[in-house]
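Right, one structure below, let's go through it.
The values are calculated or read from the model by the stated rules, or taken from the named source; none is laboratory data. In this text, all values refer to a predicted model and were calculated from it rather than measured experimentally. Positions of Cβ are generated from backbone atoms using ideal geometry, with glycine treated the same way; all protein chains shown enter the neighbour counts.
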Amino acid sequence: MAGKEYRTITDVKGPLVFLNKTEPVAFGEIVELRLTDGSMKNGQVLDTSDDLVVVQVFEGTAGVDRTTGVKFLGDVFKLPVSNDLVGRILDGAGRPRDGGPEIIADGKADIIGAAINPYARQSPHDFIQTGISAIDCCTTLVRGQKLPIFSASGLPHNDIALQIARQAKLTASDEQFIVVFCAMGITAEEYNFFRSDLERTGALENAVLFVNLADDPAVERLITPRLALTAAEYLAFEHDYHVLVIYTDVTNYCDALRQIGAAREEVPGRRGYPGYMYTDLAMLYERAGLVKGKKGSITQFPILTMPGDDITHPIPDLSGYITEGQIVISRELHGSGIYPPINVLPSLSRLMGGTIGEKTTREDHKSVSDQMYAAYAQGRELRGLVAIVGEDALNERDKQLLSFSGLFEDKFLRQGRYEDRSIDETLDLCWELMSTIETKYLVRLDQQWIDKYHPDNKE
Amino acid sequence: MSKNGQIYRISGPVVTAIGLNAKMYDVVRVGDEGLMGEVIELHGEKAVIQVYEDTSGVRPGEPVTNTGQTLSVQLGPGLLTQIYDGIQRPLPILLEKMGTFITRGVDADGLDQEKKWTFEPTAKKGDKVEGGHVVGTVQETETIAHKIMIPPNTSGTIKSIKGGDFTVSETVCVLDDGTEIAMMQRWPVRAPRPFKQKYAPDTPLVTGMRILDFLFPLAKGGAAGIPGPFGSGKTVTQQSLAKFSDAQIVVYIGCGERGNEMTEVLDEFPELIDPNTGKPLMNRTVMIANTSNMPVAAREASVYTGITIAEYFRDMGYDVALMADSTSRWAEAMREISSRLEEMPGEEGYPAYLSSRLAEFYERAGRVETLEGEDGSVTVIGAVSPPGGDISEPVSQGTLRIVKVFWGLDAPLARQRHFPAINWLNSYSLYPQSLDQWFKDNIAADFPEVRTEISSLLQVEAELQEIVQLVGSDALPVDQQLTLEVARMIREYFLQQNAFHEIDAFTGVQQQYLMAKAILTFQSEAKNAIEAGGMLEDVVNVPARSNLMRSRFEDNYLDRIEGLVADMTKEIAAAAEEN
């Protein structure tokens, strides 16, 4: 099938190449371009007809002219998969980047990835302990969940992601996670930070890295996460691994999507992003989960930076509609020197309710988490009032709540980058902090848990 | 020009074929794998097709075959308890044929063609029948009798009819002109099914959610929109409606949403008991799941598939409720197809026909006289997911122009963990006038007045809150402080409802009325007590009041509420006397 080389390029525009009259070319087919200087580029068919073929070139079209040879390889984009992927570092198009040999494939997997039949899915219910109190208590991570970090430039989302990668474990069993890390348009500095941390903790041996950096072609970014997720699916559903996929930065991915859309002269949606961005993102995020009859799982931890800290920007907005919650990083908390600066108020884990409790975490978890949340929310609100009327104007209850909100940030949120708190430690800490408020104001706590866990009753 | 043509161009889910003799909306098979598609545009020789499956790897020159049929669903016994994709392929069958992942080129019947159902004739030889007339029944699930109807546009005299066990395609009835009637019929999804006439709705769809039934009621046969940003509880609300509303049949469309949510429904519904019949909820439910990463053209079709099934049950004389979560994803599917067709866009890239498509869809709701003269209804509840929660966008606006009930979900309320996070200040229902007679006849003569009092208290609270924000509540006069206390009781006791609590999740209308009355009693008693010299603090904090409020989580609250109110009245009076 592959063989014939065409020199029928008519137009080149941005990352797109237009060709006349070829053999029947498949939609989505992979293309090889040979430039006059002998160098090679790769691309994929975006539109195909009897008369015209549109090819998107991953490496950009610099150097392409009308004499460039175009060869259709007769197949759609596939990733060679094998157990040997574990421990490897690949570039954004799936080629070795670590100087190691080519992957010897057990098979090839279509990178677009088919949708999981909802009837074949299994509801995620296993608690993942991240060792970070704010997450474990308030936005519990569940195996098979897709839980993004909504961050913004200049905030320590990478540290949080790495801490989770280091510490994530199941309390119910000793099964371990392997990490599939996917870099999309991040800087070499950020990448080195991730890499050296994974290396230092030994996690690298159990990880697969797909790396597209800021100076790599933007178009390539569109396939990098698909490669990573294809590898994750293979490892999870063929080799029973529990895979934690971290990808960063979704915002760069979306910008690449917009770039292609603009080059194709598509009608733009909000803020110039293509109208199909929701579907496109869903095709990444929905590749998380558990399926019946397979042991492995895919948990996704995407990182995105909200342009201008704006949560209503199309990227976080569309993501929030697909993912099962979000962890929101706050500039204000970061500014006051708190790590991890997680703002629990807009953060949410949709799978938490069905997971936490006696069997997985602890019987009082729900009650404690509700009370912590409510008291902190009220305390935060009072700060605004105090700014106007002064602290003396508050009644006793409000004073206690106000002081609690400070403790919440200082003792509960704040923890070390290497501090790994067990869920019991986290919940005990919650009780300790809540005991600074008189019990009669703790209306969301069940009496039976107060009797059992309140520090006054424990000794 | 023949039945067969070949592919000329492929661009994502849009394929152009030449040499195909096709009519608009004909269903075609595309390529060597026979992918299912639908003709959506004709240009001279060329037919533009939207394909319901992934088109990667398909090449120009591959064949296209016209089936000559429009996109139709199979209607008959076997619909209930089933879960379909957007084009009525049963997901369990797809799992069997394709494995865990949904691949392509697999065809599956909407109804099980092998299974035998027991058909009991209700018509007899010599009866004159027309389209829509019931000729027999099948007990499809424990609670639902599936009525077998003569397909629309068919009529005659029954020559023979027989009871017994049949598959859905076997003939159970023959008309004098030789027309054979099977239990299964087909209907094109994009065409509304016929009925005699539409009535004005006069009965509420009781949902068991206090804020909805009491303040913003929806009529059987009405249409409601639920817009809300992510995390505000759209899906939880839709699921509660699917669980507890007193419709006889529920069609739940998961349109472009999360896979795990559908799985959750699938896990949960067979376990849950329908409060109206005492049987598993699944018995009355048909589900359609086209998750966000399943093909976008099938997502476009899914709402039509759903509403056609809903209309079919309506034609049997049932009250049907249809939940579509989310119509925004449906609109986005339209936008995506439209942009592939290079159509001139309207607002925000949506096609110019967006609002007319939305209107056509919601217009398929209604309370009707069926062809047989029965009363049936389809109630449509559409979730809307406005970008950034801003409802000035085209889908929200297009929806609000048509629906008569608006349940506005609100992010700040959700953040305060006030659920259901329906904003009582901007939500509305235009049905109270037509439903008040029902409430007066079935609940209480002063029902409308009680509702007005409750909602005006909430209005007053909103105004007072603005002052409180500035000066604190202590600066208000005592009577206004009491108003705030009463409004807080409305919010915490009445409006907040725990969708996951066994007892609190569903409240009958009678109990809703008594709870509202209890609040008003508290208000008037507290007012009297304060006028008689009682301290506000003492009066509002009587233990019997918190007992009244807390007990709603316990069994038999309806029977106990009046006693609890009497206790509260006594304690409030006593609190006044202490001074």
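Tabulated results
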{"quantity": "All strands (runs of 3 or more DSSP E) inside segment B:30-73 with 1 or more residues being surrounded by fewer than 22 Cβ atoms within 10 Å (Cβ to Cβ), free of Cβ contacts under 8 Å to residues at least 40 places away in the same chain and touching a strand residue (DSSP E or B) at 6+ places or on another chain (Cβ under 7 Å)", "calculated": "B:46-51"}
{"quantity": "Segment A:293-310: number of residues that are on the phi < 0 side of the Ramachandran plot and within 8 Å of chain B (Cβ to nearest Cβ)", "calculated": "1"}
{"quantity": "Residue that is within 11 Å of another protein chain (Cβ to nearest Cβ) and on the phi < 0 side of the Ramachandran plot, where the choices are A:369, A:336", "calculated": "A:369"}
{"quantity": "Residue count, segment A:257-279 (criterion: more than 19 Å from residue B:347 (Cβ to Cβ) and either surrounded by 22 or more Cβ atoms within 10 Å (Cβ to Cβ) or at the interface with chain B (Cβ under 7 Å from one of its Cβ atoms) (or both))", "calculated": "1"}
{"quantity": "All strands (runs of 3 or more DSSP E) inside segment B:92-153 with 2 or more residues being in contact with a Phe, Trp or Tyr (Cβ under 9 Å, 6 or more places away or on another chain)", "calculated": "B:117-121, B:134-139, B:145-149"}
{"quantity": "Hits in segment A:280-291 (condition: touching a Lys or Arg at 6+ places or on another chain (Cβ under 8 Å), more than 7 Å from every other protein chain (Cβ to nearest Cβ) and closer than 19 Å to residue A:182 by Cα)", "calculated": "A:284, A:285, A:288"}
{"quantity": "Any chance residue B:38 is farther than 17 Å from residue B:289 by Cα, out of contact with any His (no Cβ under 6 Å at 6 or more places or on another chain) and modelled with pLDDT under 95", "calculated": "yes"}
{"quantity": "Some residue of segment B:411-418 being on the phi > 0 side of the Ramachandran plot, surrounded by 16 or more Cβ atoms within 10 Å (Cβ to Cβ) and part of a helix (DSSP H, G or I)", "calculated": "no"}
{"quantity": "Total residues in segment B:525-538, condition without any contact (Cβ under 8 Å) to a residue 40 or more places away in the chain and within 19 Å of residue B:492 (Cβ to Cβ)", "calculated": "1"}
{"quantity": "Filtered residue count, segment B:327-344, keeping only those that are more than 13 Å from residue B:288 (Cβ to Cβ) and touching a residue at least 24 places away in the same chain (Cβ under 8 Å)", "calculated": "10"}
{"quantity": "Identity of the residue in segment B:471-520, β-branched (Val, Ile, Thr) and buried (at least 17 other Cβ atoms within 10 Å of the Cβ), that ends up farthest from residue B:449 (Cα to Cα)", "calculated": "B:507"}
{"quantity": "Filter result (more than 14 Å from chain A (Cβ to nearest Cβ) and either β-branched (Val, Ile, Thr) or in contact with a strand residue (DSSP E or B) (Cβ under 7 Å, 6 or more places away or on another chain) (or both)) within segment B:315-364", "calculated": "B:315, B:316, B:317, B:318, B:319, B:320, B:321, B:322, B:323, B:324, B:362, B:364"}
{"quantity": "Some residue of segment A:66-87 being within 14 Å of chain B (Cβ to nearest Cβ), surrounded by 20 or more Cβ atoms within 10 Å (Cβ to Cβ), assigned to a loop (DSSP other than H, G, I, E, B) and in contact with a Pro (Cβ under 7 Å, 6 or more places away or on another chain)", "calculated": "no"}
{"quantity": "Entirely in segment A:253-366, the helices (runs of 4 or more DSSP H) that have 1 or more residues that are of a type in the set (Val, Ile, Thr) and within 13 Å of the chain's Cα centre (by Cα)", "calculated": "A:314-322"}
{"quantity": "Within segment A:10-57, considering residues that are small (Gly, Ala, Ser) and within 32 Å of the chain's Cα centre (by Cα), the one farthest from the other protein chains (Cβ to nearest Cβ)", "calculated": "A:14"}
{"quantity": "Residue B:321 being assigned to a helix (DSSP H, G or I) and of a type in the set (Gly, Ala, Ser)", "calculated": "no"}
{"quantity": "Count of residues meeting criterion [surrounded by 16 or more Cβ atoms within 10 Å (Cβ to Cβ) and within 17 Å of residue B:111 (Cα to Cα)] in segment B:152-171", "calculated": "4"}
{"quantity": "One residue from B:310, B:297, B:301 being more than 22 Å from residue A:291 (Cβ to Cβ), within 13 Å of chain A (Cβ to nearest Cβ), in contact (Cβ under 8 Å) with a residue 24 or more places away in the chain and in a helix (DSSP H, G or I)", "calculated": "B:297"}
{"quantity": "Failed item, numbered, when residue A:417 is tested on (1) in contact (Cβ under 8 Å) with a residue 40 or more places away in the chain; (2) of a type in the set (Lys, Arg); (3) not in a loop (DSSP other than H, G, I, E, B)", "calculated": "(3)"}
{"quantity": "Strands (runs of 3 or more DSSP E) wholly inside segment A:139-246 containing at least 1 residues that are under 30 Å from residue A:30 (Cα atoms), of a type outside the set (Lys, Arg) and within 15 Å of the chain's Cα centre (by Cα)", "calculated": "A:177-186, A:207-213"}
{"quantity": "Hits in segment A:172-189 - residues which are touching a residue at least 40 places away in the same chain (Cβ under 8 Å) and among the acidic types (Asp, Glu)", "calculated": "A:175"}
{"quantity": "Filter pass, residue B:118 being buried (at least 17 other Cβ atoms within 10 Å of the Cβ) and polar (S, T, N, Q)", "calculated": "no"}
{"quantity": "Tally of residues being more than 10 Å from chain A (Cβ to nearest Cβ), surrounded by 15 or more Cβ atoms within 10 Å (Cβ to Cβ) and free of Cβ contacts under 8 Å to residues at least 40 places away in the same chain across segment B:1-29", "calculated": "3"}
{"quantity": "Breaking point among (1) crowded, with 20+ Cβ neighbours inside 10 Å; (2) over 23 Å from residue B:62 (Cα atoms), for residue A:60", "calculated": "(1)"}
{"quantity": "Segment B:210-234: number of residues that are assigned to a loop (DSSP other than H, G, I, E, B) and either at pLDDT 95 or above or of a type in the set (D, E, K, R) (or both)", "calculated": "6"}
{"quantity": "Hits in segment A:347-365 - residues which are touching a residue at least 12 places away in the same chain (Cβ under 8 Å) and either more than 10 Å from chain B (Cβ to nearest Cβ) or closer than 30 Å to residue B:469 by Cα (or both)", "calculated": "A:347, A:348, A:349, A:352, A:355, A:356, A:360, A:361, A:362, A:363, A:364, A:365"}
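For (1) touching a Cys at 6+ places or on another chain (Cβ under 7 Å); (2) in contact (Cβ under 8 Å) with a residue 12 or more places away in the chain; (3) not in a loop (DSSP other than H, G, I, E, B), each residue gets a yes or a no:
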site: B:181; (1), (2), (3): yes, yes, yes
site: B:186; (1), (2), (3): no, yes, yes
site: B:202; (1), (2), (3): no, yes, no
site: B:236; (1), (2), (3): no, yes, yes
site: B:246; (1), (2), (3): no, yes, no
site: B:253; (1), (2), (3): no, yes, yes
site: B:267; (1), (2), (3): no, no, yes
